[in-house]
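The values are calculated or read from the model by the stated rules, or taken from the named source; none is laboratory data. In this text, all values refer to a predicted model and were calculated from it rather than measured experimentally. Cβ sites come from the backbone with ideal geometry, for glycine too, and all protein chains shown count toward neighbours. These accessible areas exclude ligands, DNA and RNA; they are computed on the full protein's heavy atoms, side chains included. Shrake-Rupley method; radii C 1.70, N 1.55, O 1.52, S 1.80 Å.
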Amino acid sequence: MIGASLPRLGAERLTSGGGRFVADVRVPGMLEAAVLRSPHAHARLVSIDTARARALPGVHAVLTAADVPETAIIPNRVPAPEGTARYLQPAIVRTVARYAGEPVALVVADDRYVAEDALALIEARWEPLPACVSVAAALRPDAPRLFQGTDSNNVATIRMRVGDTDAAFADTPLLIRERFQYPRQTGAALETRGLVAVPPDPAGGELHLLGSTKCIHINRAILAPMFGIPLGALRLTEVDVGGGFGVRGELYPEDILVPLAAMKVGRPVRWIEDRRENLTATNHARQVEHEIEIAFEADGRIRGIRDVIRADIGAYVRTAALVPAEFGAALLPGPYRVPNYACDLWSVVTNKTPAGTLRSPGRPEANFVRERLMDLGAAGLGLDPAEIRRRNLIRPEEMPYDCGTLSFGATTVYDSGDFPALFEELLRRLDYDAARREQAAVRARGIRRGLGLAVYVEKTGLGPFETAQVEARPDGRFTVDTGASSMGPGLENVLAQILGDALGIEATRFDVRHADTAAVESGVGTYGSRGTVTAGNAAHLAAAKLVAEARTRAAERLGVPETDVTYAAGVLAAGARRVTLAELAGERRLAAGASFNVSKITYAGCAVGVVADVDPASGFVRLRRVVVGADVGRAVNPALIEGQFTGGVGFGIGNTMHESLEYDESGQLLSGTLVDYVLPLAEDVPPVESFYQEIPAHTNPLGLRGLGECGNPGLGGAIANAVCDALADLGVELTALPITPPRVREAIRRAAVRTRGPS
Amino acid sequence: MKPAPFVYRRPASVREALDLLATTPDAKLLAGGQSLLPLLNLRLATPPVIVDMGRLGGALDEIRADGGELVIGAAVRTARLERDPLVREHAPLLAVAASHVGHPAIRNRGTLGGTVAHADPAAELPAALRALDAGIVVAGLGGERRVAADEFFLGPLTPALGAAEMVTAVRVPVARPEDRFGFAELARRAGDYAYAGAAVRLALAGGVLRGVRIALLAAGPTPLLARVAMAALEGQAPAGGRLAEAAMLAAERDCDPAGDLHASSQYRREAVGLVTRRALDEALPGYAAGGPS
């Protein structure tokens, strides 16, 4: 059962319109909310008058800072450096707005139309303050401080030191120094965020929030004290989710304001984020600048890397604190032996939407930078890009391999894997040598074709733990609950197949439910490619407990010693006498739960190759092939793996070719609609050829590695390499994404100036 | 993203619609809604009254040949322009330009009159109409008047329309056997606003080019005529070098595109050269305007 490409459980329901997304949730008496957002990037709120808005027929309440407890502050839920707490975000603007889009008031009305009419009637008086819209602006000595009582807009400098870079850089045969920029991006899922808050019944009951996802137990633990209620009086329920991508399900101001509004009016309140809000209010991510240098031996081996990374984290430290860029910095050495590494990571606040995690946080940026440097090193030494990678990949006999960096408070130790074999398999599938010959052949016909490679390491199965419960039912089916959330990639199948494998029962008999704090008291959630690794192993452990419990009860019922009872395929037998799990469940509850504790992060080697044609006249890039692979440890469902790769590649192509959140000088978001925040279309994604390696991980009983973030984070480096390869004779260097036609043309013009001198 | 309140009217005749426009200041006509509805939802437009053209029917939905002209009703949808046999026969440039408009769902709703009256300089059909030297039929309470496409587009989103006027039809000269057409645009993704586009109409008779018209989209405040490039080709034989030179003139002399979020002014100017070359290539296959691209 593990290893079978079983069809998606629940797919019929979703594809036939039976899904229940948060906007489908209807509760009697439900009202609708809309949020008034700061029009300024940085301004003092002088006064706010809601009288006219409250007087509008159909308006039930207007919440302002006065209605929100002072303790309502978005906390960071991960470790963070000293002093970070000074940069946290209150759920609502109290005195100063620090980004355009920050919540100032919330209107509850009969419907969204009236609520939006009322927003226009709220009179807020603002005193604009000078805004810092870039890291450079925020770090100027005379820059306005975003937060009083801080001495810098740099929240912290995280330093990583491995070996001795000074020695490594002295007399190095080849030194490459470059600046790279990675743009600001977001998840932009098909379904925007949303929440339905149902206040407790006056006769007693719980405050019920529907539409939460990702990490509902963590969010419950944050919210309950804020609302002044016990944990058990707050219930969070996940419904169907139309895309998570790391941004959705983190704790946002609306997750505090909407429930407060529901309790204030004593009626259910629904808030559905619209697209314009989605692009200004949901976490941004990624934006970093690297000032980096790399030293090579004459044979292409890396001597060392020195890097200063400046991350533009937006106006506040949010739930994931400084971790996204820290993940990237810690994994910058990637799959290569980098004996000497020094990195200073700055996390700088600016007057823009705050940043958080986004599918593979930190890694697409680091991979783009490192993989460009590998190609530059190859060019500088006259090596083939494949060969320079071969010479640097960590070998299987060097495992476990400690990169020497720390992130999230943990070391970066690759437990196992065979990066060279993975890379050779990529080259074999690309038919690399033939592709090089074809490149030369088509060049003779005037077609500029480029090949681009990227090898990288993903971190998966993040901690701290996960839970799973399985209950046998008298009808012969099983109910499965977990703290992990189901955001679309197929968690239901993974758990059903792992349980089915453990219990010898077909996967279709397991009903895996969406996460609900009412069903699972303790859980963590889905992020960091962790669902399969953590919930999967928890389910595996739970199955063993269920069989043990059933064996004890069967022995009692059959009147034999436990050791005489055998278990197979849902049946407990002692000689000719038998009893089924369903029969035992009919007697009294038969259930077992288990928790899998993550002692170590599971790393996965990944590699991607791209073939692209570039039209130098227009700057257009056409991707012809994408081949991608990763070490999955053990494949639970190959069809799901292929799906994850295909979706991941599309995601990575969008990140590489199109997506950039741009601001004007006053801090207004220019890419505020999907006309201007450009996402990939189907036509942008060539057929994706994917493969996987199965080298069991030593970090968990099933040997699994996560996959959710393996498909996307190599594309930036690989595509940039392919484009530069196609234009190599022109001396074109790409140091920033996205690779739009105008950017390619600009790079060609810059290269011409560099090689010919200014005209 | 919900519109502000408005009064919705759905008149049954052009006369009734014009009366409504005349009596309600700031009333807005709704045709296919592909530009107006997003503006309403973003509350960038907050008209007190919406006058829906959906029931006007009749001549507004017709396509007919009238002497040397093809008359196309304002309510004809973009998707129909792509496929209609009369349009394909008599105004093939319009059919091709229509196929470049947005996505199928947009073409199924958007109308010819709507895009003409919206006067977006990046729109395909207005540029094609300028290349075709079309006439825009405008109805007001005092009757109908005809405005040349060359006179109609005054500025960005600014048509030569009075407050109580509406576009009822477009009149396009029917294609003659010697006429040649070309249309090209450069867009990041299919259906996106183009970096630049060009529509070409010309006649090839006796080995020389006559009646050359090149209209550019997304190259300035209105759909533009590339007059310098046109003059460089008029009366000339379509030799390869000449076409390439004309394309260069269109980029260098005929436009001054503004840069924006998606492309610099310089890139847009380069794009004008590329699309002009490609459109000329398409109009004159085999004359090799500029080598491989």
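Restricting the range A:657-680 to residues that are at the interface with another protein chain (Cβ under 10 Å from one of its Cβ atoms) and of a type in the set (A, V, I, L, M) leaves a set whose member that is surrounded by the most Cβ atoms within 10 Å (Cβ to Cβ) is A:657. So which residues in the range A:93-152 are under 18 Å from residue A:35 (Cβ atoms) and in contact with a helix residue (DSSP H, G or I) (Cβ under 6 Å, 6 or more places away or on another chain), if there are any at all? Those that are under 18 Å from residue A:35 (Cβ atoms) and in contact with a helix residue (DSSP H, G or I) (Cβ under 6 Å, 6 or more places away or on another chain): A:94, A:101, A:103, A:106, A:107, A:108, A:109, A:118, A:121, A:122.
Within the range A:688-698, identify whether any single residue is within 14 Å of chain B (Cβ to nearest Cβ), over 22 Å from residue A:650 (Cβ atoms) and open to solvent by 30 Å² or more (accessible area, probe 1.4 Å), and answer yes or no. Within the range A:688-698, none of the residues are within 14 Å of chain B (Cβ to nearest Cβ), over 22 Å from residue A:650 (Cβ atoms) and open to solvent by 30 Å² or more (accessible area, probe 1.4 Å). Checking A:436, A:443 one by one, the residue that is surrounded by fewer than 24 Cβ atoms within 10 Å (Cβ to Cβ), more than 30 Å from residue A:510 (Cα to Cα), modelled with pLDDT of 95 or more and within 14 Å of another protein chain (Cβ to nearest Cβ) is A:443 and no other.
Going by the structure shown, is residue A:554 free of Cβ contacts under 8 Å to residues at least 40 places away in the same chain and buried (at least 22 other Cβ atoms within 10 Å of the Cβ)?
For residue A:554, the condition - free of Cβ contacts under 8 Å to residues at least 40 places away in the same chain and buried (at least 22 other Cβ atoms within 10 Å of the Cβ) - is met.
Screening residue A:58 on (1) closer than 30 Å to residue A:132 by Cβ; (2) open to solvent by less than 30 Å² (accessible area, probe 1.4 Å) shows it passes everything except condition (1). Filtered by the rule that a residue be away from every other protein chain (no Cβ under 12 Å) and open to solvent by less than 20 Å² (accessible area, probe 1.4 Å), the range B:258-277 gives a lone residue, B:276. For the range A:154-178, the tally of residues that are in contact with a helix residue (DSSP H, G or I) (Cβ under 8 Å, 6 or more places away or on another chain) and either closer than 18 Å to residue A:95 by Cβ or of a type in the set (Asp, Glu) (or both) stands at 1.
Does residue B:110 satisfy the criteria of being crowded, with 19+ Cβ neighbours inside 10 Å and within 14 Å of chain A (Cβ to nearest Cβ)? Criteria not met by residue B:110. Please report, ordered by residue number, the strands (runs of 3 or more DSSP E) entirely within the range A:89-170 with at least 3 residues that are within 32 Å of the chain's Cα centre (by Cα) and at pLDDT 95 or above. Where strands (runs of 3 or more DSSP E) fall fully within the range A:89-170 and carry at least 3 residues being within 32 Å of the chain's Cα centre (by Cα) and at pLDDT 95 or above, they are A:103-109, A:154-162. In a residue-by-residue description of the range A:236-252, the property of being open to solvent by less than 10 Å² (accessible area, probe 1.4 Å) and hydroxyl-bearing (Ser, Thr, Tyr) applies to at least one position. Restricting A:267, A:276, A:286, A:310 to residues that are within 14 Å of chain B (Cβ to nearest Cβ) and more than 19 Å from residue A:377 (Cβ to Cβ) narrows the list to A:276. For the range B:1-13, the set of residues classified as more than 14 Å from chain A (Cβ to nearest Cβ) and open to solvent by 40 Å² or more (accessible area, probe 1.4 Å) consists of B:7, B:9, B:10, B:12, B:13, listed by residue number.
If only one of A:754, A:705 is more than 14 Å from chain B (Cβ to nearest Cβ), open to solvent by less than 10 Å² (accessible area, probe 1.4 Å) and among the basic types (Lys, Arg), which one is it? Talk me through it step by step, then tell me what you get.
On the way: A:754 fails: open to solvent by less than 10 Å² (accessible area, probe 1.4 Å).
Going through A:754, A:705 in turn, the sole match is A:705.
Out of curiosity, is residue A:372 surrounded by fewer than 24 Cβ atoms within 10 Å (Cβ to Cβ) and either away from chain B (no Cβ under 14 Å) or in a helix (DSSP H, G or I) (or both)? Step through it out loud before you land on a result.
On the way: surrounded by fewer than 24 Cβ atoms within 10 Å (Cβ to Cβ): no; either away from chain B (no Cβ under 14 Å) or in a helix (DSSP H, G or I) (or both): yes.
Taking the combined requirement at face value, the residue does not satisfy it.
Would you mind finding the one in A:624, A:634 that is within 28 Å of residue A:433 (Cα to Cα), away from every other protein chain (no Cβ under 11 Å) and among the charged types (D, E, K, R)? Steps first, answer last, please.
On the way: A:634 fails: within 28 Å of residue A:433 (Cα to Cα).
Only one candidate passes the filter, namely A:624.
Within this structure, residue B:77 passes the test of being of a type in the set (Lys, Arg) and either more than 14 Å from every other protein chain (Cβ to nearest Cβ) or open to solvent by less than 20 Å² (accessible area, probe 1.4 Å) (or both). Only one of the numbered conditions (1) closer than 30 Å to residue A:652 by Cα; (2) buried (at least 22 other Cβ atoms within 10 Å of the Cβ) is not met by residue A:137, and that is (2). Filter the range A:617-635 down to the residues that are open to solvent by 10 Å² or more (accessible area, probe 1.4 Å) and assigned to a loop (DSSP other than H, G, I, E, B), then identify the one that is nearest to residue A:709 (Cα to Cα). Per the criteria, the residue is A:634. Residue A:733 fulfils the conditions (1) open to solvent by 40 Å² or more (accessible area, probe 1.4 Å); (2) of a type in the set (Asp, Glu); (3) closer than 30 Å to residue A:379 by Cα except for a single criterion, (1).
Taken over the range A:89-107, the criterion of being touching a residue at least 60 places away in the same chain (Cβ under 8 Å) and touching a Lys or Arg at 6+ places or on another chain (Cβ under 8 Å) is satisfied by A:89, A:99, A:100, A:101, A:102, A:103, A:104. Of the numbered criteria (1) assigned to a strand (DSSP E or B); (2) under 25 Å from residue A:685 (Cα atoms); (3) away from chain B (no Cβ under 14 Å), the one residue A:614 fails is (3). Of all residues in the range B:169-216, those that are surrounded by fewer than 23 Cβ atoms within 10 Å (Cβ to Cβ), part of a loop (DSSP other than H, G, I, E, B) and either within 14 Å of another protein chain (Cβ to nearest Cβ) or touching an Asp or Glu at 6+ places or on another chain (Cβ under 7 Å) (or both) total 8.
Which count do you get for residues in the range A:520-534 that are within 20 Å of residue A:591 (Cα to Cα), of a type in the set (Val, Ile, Thr) and assigned to a loop (DSSP other than H, G, I, E, B)?
Within the range A:520-534, residues that are within 20 Å of residue A:591 (Cα to Cα), of a type in the set (Val, Ile, Thr) and assigned to a loop (DSSP other than H, G, I, E, B) number 1.
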